[in-house]
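Here the structure is laid out as structure tokens; the discussion comes afterwards.
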Amino acid sequence: MQNREFEVTRKNERLDKLVADHYEDLSRSRANELIKEHLILVNEKKEKPKYKSKIGDLIQIAIPEPKPLDLTPQDIPLDIVYEDDQVIVVNKPQGMVVHPAPGHPDHTLVNALLYHTKLSSINGTVRPGIVHRIDKDTSGLLMVAKTDVAHKSLSKQLKEKTNRRKYLALVHGNIKESYGIIDAPIGRSTKDRKKQAVITGGRPAITHFHVLERFGGKYTLVECQLETGRTHQIRVHMKYIDHPLVGDPLYGPKKTIKGNGQFLHAAELGFKHPTTGEELDFKVPAPSIFLKTIDQLRKEYPDVE
């Protein structure tokens, strides 16, 4: 059983909505179920999903452990960038889900990794070895733990922000500034439950960006460095500053350049080796469709920085 609690800072909110807004991994329907099962209490008392919150209420949540998924090792090709007895770094292709979930029971990166090697047990049978994730249609580098010792070390580095993650992103519009920092909290959108958004009371989220190239005032190629790792962080932050990612089906405009989803690539990854302390740094090129699109834009806008 996983136990959580938080103090309410917003009044007159439905209990199920309040809980769902507070936690990215809990949908409103799931919160509703937990409330009805008396696994969510308000000030140690049972309440209904429609209970209206009061400032200072203590919300206590008990989440049952997820039922183990039948994770089948599958012989799926992997682009392995680095591997030893503690960690493995892979270059994930666009279109591949990182770990099994409803709607994606197999043919994930985890299924492929389990066929290739043993993974840490810290995340149980749901997502063994997975320290951090990238979206299905985002390509690029992921570090995966093969042992529990490695998992703890890599997770600590993420928490303490000592690892290095840089992304290439192609966005709509002309970003005039050469550098910038987006410091805006992210949480589940109150308008669309499938989306994340910059909201009051969201979790802290910081993205650094550096303009690499501009294309006729219509598109900009940027390098983004993550200081935090919220769900859809770069996609949400770039939309927030009115420069949504090209090809993004969730946050971008309908009129865009067609690709295999958003033009976002985890290009660089750096961290300390869990047992030796050696600084490891990796870099991989963007997928061919990304590179071909950039080449085409250079041809269309040859005289623009």
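The values are calculated or read from the model by the stated rules, or taken from the named source; none is laboratory data. Predicted, not measured: the structure shown is a model, and the values here were computed from it. Cβ sites come from the backbone with ideal geometry, for glycine too, and all protein chains shown count toward neighbours. What goes into the accessible areas is simple: the full protein's heavy atoms, side chains included, and nothing from ligands, DNA or RNA. Shrake-Rupley method; radii C 1.70, N 1.55, O 1.52, S 1.80 Å.
Does any residue in the range 82-100 that is surrounded by fewer than 21 Cβ atoms within 10 Å (Cβ to Cβ) come within less than 6 Å, Cβ to Cβ, of a residue that is in a strand (DSSP E or B) and modelled with pLDDT under 95 six or more places away or on a different chain, and which pairs are these?
97/104; 99/130
Please identify the pairs in which a residue from the range 124-137 that is in a loop (DSSP other than H, G, I, E, B) has its Cβ atom under 7 Å from the Cβ atom of a residue that is at pLDDT 90 or above and of a type in the set (D, E, K, R), counting only partners at least 6 apart or on another chain.
Final answer for the pair search is 129/146; 134/92.
For residue 50, only one of the following conditions fails: (1) of a type in the set (Lys, Arg); (2) surrounded by 12 or more Cβ atoms within 10 Å (Cβ to Cβ); (3) in contact (Cβ under 8 Å) with a residue 12 or more places away in the chain. What is its number?
Among (1) of a type in the set (Lys, Arg); (2) surrounded by 12 or more Cβ atoms within 10 Å (Cβ to Cβ); (3) in contact (Cβ under 8 Å) with a residue 12 or more places away in the chain, residue 50 violates only (2).
Given the options 290, 282, 271, name the one that is in contact (Cβ under 8 Å) with a residue 12 or more places away in the chain, under 22 Å from residue 133 (Cα atoms) and assigned to a helix (DSSP H, G or I).
The unique qualifying residue is 290.
Filter the range 247-268 down to residues that are of a type in the set (Gly, Ala, Ser) and either farther than 20 Å from residue 91 by Cβ or in a loop (DSSP other than H, G, I, E, B) (or both), then give me how many there are.
4
May I ask you to list pairs of residues, at least six apart or on different chains, whose Cβ atoms are under 6 Å apart, with the first in the range 144-165 being in a loop (DSSP other than H, G, I, E, B) and the second being open to solvent by 40 Å² or more (accessible area, probe 1.4 Å)?
Listed pairs, sorted by first residue: 161/227.
From (1) of a type outside the set (S, T, N, Q); (2) within 16 Å of residue 147 (Cα to Cα); (3) modelled with pLDDT under 95, pick out the condition that doesn't hold for residue 101.
Every listed condition holds for residue 101 apart from (2).
Would you be able to tell me the number of residues in the range 217-240 that are surrounded by fewer than 18 Cβ atoms within 10 Å (Cβ to Cβ) and in contact with a strand residue (DSSP E or B) (Cβ under 6 Å, 6 or more places away or on another chain)?
The number of residues fulfilling the criteria is 6.
Could you identify the single residue in 25, 21, 75 that is touching a helix residue (DSSP H, G or I) at 6+ places or on another chain (Cβ under 9 Å) and either surrounded by 15 or more Cβ atoms within 10 Å (Cβ to Cβ) or closer than 24 Å to residue 191 by Cβ (or both)?
Step by step, each of 25, 21, 75 is checked, and only 21 is touching a helix residue (DSSP H, G or I) at 6+ places or on another chain (Cβ under 9 Å) and either surrounded by 15 or more Cβ atoms within 10 Å (Cβ to Cβ) or closer than 24 Å to residue 191 by Cβ (or both).
Which of the residues spanning the range 268-280 are open to solvent by 10 Å² or more (accessible area, probe 1.4 Å) and either within 29 Å of residue 215 (Cβ to Cβ) or in contact with a helix residue (DSSP H, G or I) (Cβ under 8 Å, 6 or more places away or on another chain) (or both)?
Correct list: 268, 272, 274, 275.
The conditions are (1) in contact with a strand residue (DSSP E or B) (Cβ under 6 Å, 6 or more places away or on another chain); (2) farther than 23 Å from residue 190 by Cα, and residue 6 fails exactly one of them. Which is it?
Only one criterion in (1) in contact with a strand residue (DSSP E or B) (Cβ under 6 Å, 6 or more places away or on another chain); (2) farther than 23 Å from residue 190 by Cα is unmet by residue 6, namely (2).
Please name all residue pairs, on different chains or six or more residues apart, with Cβ atoms under 6 Å, provided the first residue is in the range 220-246 and is at positive phi and the second residue is part of a helix (DSSP H, G or I) and of a type in the set (Gly, Ala, Ser).
Note: no pairs meet the criteria.
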